[in-house]
Amino acid sequence: MESADSTDFLAATTVVRRTDTPGTYDSHLPPVWNTAEGIDGGILLAVAARATAAATAVRAERFFPSSVSASFLTASRPGPVRARTEVIQRGSRFTTSQVSLTQRTEDDREVERLRALVSHGTLVSQTAVDAPLPPAITPPSACVGRDDAPGGNARRLDHLAGVDVRLAPECVDWAFGAPSYTGRFDGWFRLANGREPDPLALLAAVHALPPISFAFGRVGWLPTVQLTAHIRAHPAPGWLQVRTSAKALREDHVIEDAEVWDSTGELVLQSRQFAASI
């Protein structure tokens, strides 16, 4: 594996190396993407998407993981990861593959971390009809970032060193023990090293804001069980605007929706995840 700056998103999360076994690739999950609960889920989606792109011989300039639907089976850790892929269907517009990410444990057992279906498409860019416009929120320069968070809550506002996340001021009351109970977070996302966003960055943006359960006063982590993301278009350069929301929080689970807009106001990604105590 070639070495890379740990904050270089593409090099750190999407480099896959073909093994001697057809359809099997090796990669590495760097510590920069680790959270208290394991490697961030959006990063795992990006690795899965990149491995299936390699398996289907999608050229880099046409790389477009139109749909990713993943089940998170066990918590991933920093270190080597193996991706086993299988092309299920090649169509005129979409190619769908299955991918399984596994890791070796300290006692040398192979444990499956994630299994996903990924559809790569060749969507034609066109003006969306009746697509929701991004909500008007505070600009990034006036939002709350990692350095602005009170005390021990700083790490929760931007738990990934590789990204820059800013929350709208009205969305950080939970950090002061006064949750809003609105079931909504608004914020901004970009890569920490200044690289412009691409489809893989969209997958990271889906999972970068604090868990929506924080908005209901439950400042703890509910592990992601299943997450489906649909990429609608390549993002324009600049900040990504992200809104996550939930209708209600149950004692042991939550269903969280996410919408991501690029700097032109185009809706470029929609997702839904199911998180639950296990």
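The values are calculated or read from the model by the stated rules, or taken from the named source; none is laboratory data. Computed from a predicted model, the values in this text were never measured in an experiment. Neighbour counts run over all protein chains shown; Cβ positions are idealised from the backbone, glycine included. Just the protein is used for accessible areas: all its heavy atoms, side chains included, with ligands, DNA and RNA removed. Shrake-Rupley method; radii C 1.70, N 1.55, O 1.52, S 1.80 Å.
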Report summary line: Of the accessible area of region 175-256, computed with a 1.4 Å probe and all protein chains kept, carbon and sulfur make up a percent value of 51
Requested in this report: Would you mind computing, in nm to one decimal, how far apart the modelled labels at Phe274 and Leu133 are, each placed 7 Å from Cα along Cα→Cβ?
Outcome: 3.6
Query raised in the report: Given H placed 1.01 Å from N in the peptide plane, which residues other than close sequence neighbours of His28 have an amide H under 5 Å from its amide H?
Result: Val81
Requested in this report: Return the carbon/sulfur percentage of the accessible area of region 21-97, one whole number, probe 1.4 Å, all protein chains in place.
Outcome: 50
Report summary line: Candidate cut points under GluC sites (Glu not before Pro) in region 198-260, DSSP loop plus at most 11 other Cβ atoms within 10 Å of their own Cβ, are Glu251
Report task. Go through region 160-222 and name the chymotrypsin sites (Phe, Trp or Tyr not before Pro) that are in a DSSP coil and have 15 or fewer other Cβ atoms within 10 Å of their Cβ. Result -> Tyr181
